[in-house]
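Single-structure report; data block below.
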Amino acid sequence: MPAQAETARIAVPATPRRWWPASRQGGRDPGAPSWLTLMVFLAPALVLYAGLTAYPVVRTFADSLYDLENMDAPRFIGLAHFLQIWSDETFLRAIRNTLVWSFIAPFLDVATGLLLALCLYAGVPFARFLRIAWFTPVLLSYVVVSILWLWIYNYDWGALNLALRAMGLDGWARAWLGESNTALAALMVTHAWKWAGFNMVVCLAALHALPSEVLEAAELDHCGWVAKLRHIIIPLMRPTLLNLYILAFIGKMKVFDLVWIMTQGGPMWSTETVSTYVYKRAFAWNTFDLGYPSAIAVVWFVIVLAAAALLHLAFRQREKLEY
Amino acid sequence: MKAQGWGDRLTGLLRRGPLLAVLVLYTLYTTLPFLWVGAMSLRTTAEISADHYGLPSPAHWGKFRAAWVDSNFAGYFWNSTVVVVTAVVVVTVLGAMAAHALARYKFPGNRLLYFILFSSIIFPPQIVLLSLFQILVNYDLYNTRIGLILVYVSLQLPLTVFILEAFFARIPQDLFEAARIDGYTDLQIFLRIVVPVGMPAIVTTVILNFVHLWNEYLFAVVLVSDEELRTLPVGIQRFMGDYFQDIGMIATGVMIAVIPVIVVYAFFSEKLIQGMTAGAVK
Amino acid sequence: MATVQLQDVCKRYGGAGGLTAVQDVSLTVADGEFMVLLGPSGCGKSTTLRMIAGLESISDGRLAIDGRAMNAVPAKDRDIAMVFQSYALYPHMTVADNLSFGLKRRGTPRAEIERRVTATAAMLGLTEYLARRPAALSGGQRQRVALGRAIVREPKVFLFDEPLSNLDAALRVATRNELTRLHRRLGATMIYVTHDQVEAMTMGSRICVMNRGRIAQVGAPLDVYRNPADTFVARFLGSPPMNLLPARLRHAAAGTVALVAGAEVPLTRWSDAALAGIAEASFGIRPEDMVLLPSDAGPQPSITGTVASVEPLGAETLLLVDTEGGEVTARLHRDTAACPGDAVRLGIPSTAAYLFGSDGRAIATDRAVN
């Protein structure tokens, strides 16, 4: 029976064809939200975000163009702060320290994490317990971690120097945080101590997610542990490792608490980071001027976003090339 | 046969020797500092100065009472609890609602909003720190709990929305349509379907936000100066004078700050680990 | 119980020039009928169902249930129940809660809910699972809960959106039978969307074949199979699909003959008047209507060709044969002995012939055969 016959059977109402209100036609889908619904869900978060994140960011940009020594009478000075920044030795030092820390230290974090994860993956006794124990430092606040390591690095009775002296390496003992050539490295180690567990857990999850067939195939191809690690496991885990690197990188660009409590940027600016320097210029110096530190924050904001975007792009580019 | 079995086991042990050594050493490396502070928290500063690595005998449990009452750790603890719990509750509610809207509804600007929120996760804190200080001063919120709570909510909002959106978006669309045929309004769908189904992710963000905020230092130190309102991380630091450290009291304070986290961790270790690594594990 | 009427229903996405998913669909589903919407993916069958459910707005046209206009009525007030492909069970509720949920929303008295849930669970064999959550059920059990959730509601219309596609083959056959029995027992109006012709043929009181947003044909399953309205329906129903070969028509005093792939097939199903003026057409023959002729068979309508491949399926054997009109498939007895490369002769009974015009529409037969 052709379709036409079917249509003909429908009883056509005598009323005019368009008896339904025209406005209903092609109206919004029942699944689409009304603006009221959307606002109920989104407005609280958006208002808060606008007021306490978006507006402050804009205001910091604006502040950077003003001299705010007297907060009630801001004086517009254009880009003067930005020009001043490029000749600010301490700022350049802070940038260098932070970048060194951000780019180099993540290797330490991620490598430690991967190594620890491999140990647990190899099937050692108490793996579950060890995983939980190693993760503990992640939960501790920077204040607590800083205090712990201040004491560990203490010249007279710190655990590190005691250990060195016990091994007869008295000459190596030093005030680790008090000397400008070791202070930054000492902070990096502390930071890695806190975060290694995090990287370990993520790597372990990625290891367990590896397709076991591929590992078995590698074994059939006569791969030893080292070869398997180098040719199979690490390449397969690349996305995870890169992701961890970026996370660690961003974390270190932001770091403040650790440095502030352990060294306050000293000695001789050897551990000064952008975060601590902004804080000092804003709140710890005698001159109370929020304009100049705002300019630093703006510059740093741009650098962090650009670096994150660059890393993201660079890693994505390489992914594309390989597959 | 037997001899060979022993030999195998011996070579196995030798081969695994380095591995086991790494395990033991690293476990000591992560736990010893903590045990050390635990021991110091039960010893007086005088005892500690005499021998920094002594065992707590006799154990001065009274130090905890002293810290709690005389050194105002009760106050710090209370401030931390009020501020962090309120902020976590608020950020969870706001974040879940926003995440639901972004995950479920198509509307112009949806992805733009998501991208803006997402990028905020990597903002360095300085970009808002200085102006938040001014804004709170302007609106008489500087040095108030409510001011710090609001800032904490805004700090954790992007990450909360990010994690919840990813989870909510995986709830099948059919479920919502079934609910609509059953007569649910948009708000009821959120409360009766999305929240219960998304509970694992919500718990994850609660844990993550709680730990982050419980440990937060920078904003707490900048936005609150009143001794009466200080939170734990700032409170402990008060005992770190430039020339004199009351090591015994600091150690006790550290334990007071850490014990709640450790207790929670002891009971919900898997959930905490999951929560803290959410977003990094794919 | 209810009738469902669609009249010139359209669904357009986007503004002017946007995609048209459903166009001018007019269909009446009678009270108690099991109507199957059948078609390939993207043909608009699911969209049509979702418009009936109220999950999509209707861009143009009219929808009525029991004579009452439904265009502007929200889904919850249409008194329909829907079974989804993914079942859409509420994962945080027990089976009992899933079943009673929709009733509670509608303010059904507690005792009545209790009665219906118990009865439905018993009917579907779910009684012992009432306290479980969906995660603790097998795929088939989840499917039955989804079904039960619709049944307890005692709705005017049941809507099914490919409900069997997530089940494995054996379970699918069992559930198919169960659904058919259920339909007989409840006598309810059901509209069922599927892309599986076997489901459509076995379950539907009538089937509605859709193609590119339009209705291609509506009718009882065997009617549609026997008298496809166009080449699309002819090839969509039946597996393997109907063979279509180009044909020229020779009009002669003794009757019209189709010249197809070197064969002369007398068109006995049509009167000369029906074919007048037609010179070329598509000639259709279903694979199961072809017969393998022995080499000594007498003269009769047949095409010859070379076997391209042999597919023994056990119950039958498929022969793919290259002919001068193109490749044809024949569905033959399971003992058929043929090898690729063999020359074969396939008989074409003139009573099994179909003709389609250049627009793809069937040329209606006007002579009773059989």
Just how far, in whole angstrom, is the range B:127-171 from the range C:218-266 if you go by their alpha carbon centroids? 72
Note on the range A:35-81: C-alpha Rg/Rh, Kirkwood Rh, two decimals, gives 1.27
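Please give the net charge around A:Ala218, taking every other residue with its beta carbon less than 15 angstrom from that of A:Ala218, where Lys and Arg add +1 and Asp and Glu add -1.
Details: positive: A:Lys228, A:Arg230; negative: A:Glu213, A:Glu216, A:Glu219, A:Asp221.
Neighbour charge sum, excluding A:Ala218 itself: -2.
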Please give, to one decimal in nm, the separation of the simple spin-label points placed at B:Asp51 and C:Arg181, each 7 Å out from Cα toward the Cβ. 8.3
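Report, to two decimal places, the Cα Rg of the range B:177-232 normalised by 2.2 N^0.38 Å (N = number of residues). Mind dumping the intermediate values first?
Details: Rg = 19.0 Å, N = 56, 2.2 N^0.38 = 10.2 Å.
So the Cα radius of gyration is 1.87 times the expected 2.2 N^0.38 Å.
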Suppose the chain between C:His251 and C:Lys104 were pulled fully straight at 0.36 nm per residue; how much longer would it get relative to their current alpha carbon spacing? 45.9 nm
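Name the shape class, rounded, prolate or oblate, that the alpha-carbon gyration tensor gives for the range B:7-128, where a ≥ b ≥ c are the square roots of its eigenvalues, rounded holds for a/c under 1.5, and otherwise prolate holds if a/b is larger than b/c and oblate otherwise.
Working: a/c = 3.48, a/b = 1.38, b/c = 2.52.
Since a/c reaches 1.5 but b/c is at least a/b, the shape of the range B:7-128 is classed as oblate.
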Fewest first, what order do C:Cys10, C:Cys43 take by the number of other Cβ atoms within 10 Å? C:Cys10, C:Cys43
Whole-percent pair-distance distribution, where bins are 5 Å wide, for the alpha carbons of the range B:72-238: 1, 9, 16, 17, 17, 13, 10, 8, 5, 3, 1, 0
To the nearest µm²/s, what D does Stokes-Einstein give for the range C:1-81 at 4 °C and 1.567 mPa s, using the Kirkwood radius over alpha carbon pairs as Rh? 100
Table column - 3J(HN,Hα) (Hz), the range C:85-94, Karplus curve with 6.51, -1.76, 1.60, x for Gly and Pro: 4, 8, 6, 6, 6, 6, x, 9, 10, 6
Note to self: Kirkwood Rh of chain B, Cα pairs, one decimal, Å, is 22.5
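Tell me whether the range B:176-272 comes out rounded, prolate or oblate; compute the Cα gyration tensor, take square roots of the eigenvalues as a ≥ b ≥ c, and use a/c under 1.5 as the rounded threshold.
Values: a/c = 5.55, a/b = 2.57, b/c = 2.16.
In terms of gyration-tensor shape, prolate.
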Gaussian network model of chain C, Cα springs within a sub-10 Å range: biggest mean-square fluctuation belongs to which of C:Gly262, C:Gly314, C:Gly347? C:Gly314
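Given R₀ = 60 Å, FRET efficiency for C:Glu128-A:Glu69 by Cβ-Cβ distance, to 0.05?
Values: r = 79 Å, r/R0 = 1.31.
Plugging the Cβ-Cβ distance into 1/(1 + (r/R0)^6) gives 0.15.
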Label-point separation, C:Glu280 to A:Ala209 (7 Å along Cα→Cβ), nm: 5.8
What helix-only [θ] at 222 nm does the protein assembly as shown give? Using -39500 (n - 2.57) per DSSP H run of at least 4, over all residues, to the nearest 500, the answer is -16500 deg cm²/dmol
How large is the Kirkwood hydrodynamic radius of the protein assembly as shown, counting all unique pairs of alpha carbons, in Å? 34.7
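DSSP loop GluC sites (Glu not before Pro) in the range C:270-352 with at most 12 other Cβ atoms within 10 Å of their Cβ, which ones? The partial results should precede the final answer.
Values: sites: C:Glu280, C:Glu288, C:Glu316, C:Glu324, C:Glu327; in loops: C:Glu324.
Here the sparse-neighbourhood loop sites are C:Glu324.
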Under the Karplus curve 6.51 cos²θ - 1.76 cosθ + 1.60, θ = phi - 60°, whole-Hz ³J(HN,Hα) for the range A:196-206, x wherever Gly or Pro sits: 4, x, 4, 5, 4, 4, 5, 4, 5, 4, 5
Ignoring solvent entirely, what values of log10 I(q)/I(0) come out of the Debye formula for chain A at 0.11 Å⁻¹ when each Cα is a single scatterer? -0.92
With only alpha-carbon atoms counted, please give the Rg and Dmax of chain C, in Å. 24.8, 78
Can you tell me the equivalent ellipsoid semi-axes for the range C:240-356? Use √(5λ) from the Cα gyration tensor, largest first, whole Å. 27, 13, 12
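May I ask you to compute the full-extension gain from A:Trp157 to A:Ala173, defined as 0.36 nm times their residue separation minus their alpha-carbon distance, rounded to one decimal in nm? Mind showing how you got there, number by number?
Numbers: separation 16, 0.36 × 16 = 5.76 nm, distance 1.08 nm.
Fully extending the segment from A:Trp157 to A:Ala173 adds 4.7 nm.
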For the range A:280-285, in order, what is each residue's ³J(HN,Hα) by Karplus, 6.51 cos²θ - 1.76 cosθ + 1.60 with θ = phi - 60°, in whole Hz (x at glycine and Pro)? 4, 5, 7, 10, 9, 8
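FYI, it's all coordinate maths here, none of it is from the lab. Please read these numbers as outputs of a predicted model, since none were measured by experiment. No Cβ is skipped: glycine too gets one built from the backbone with ideal geometry, and neighbour counts run over all protein chains shown.
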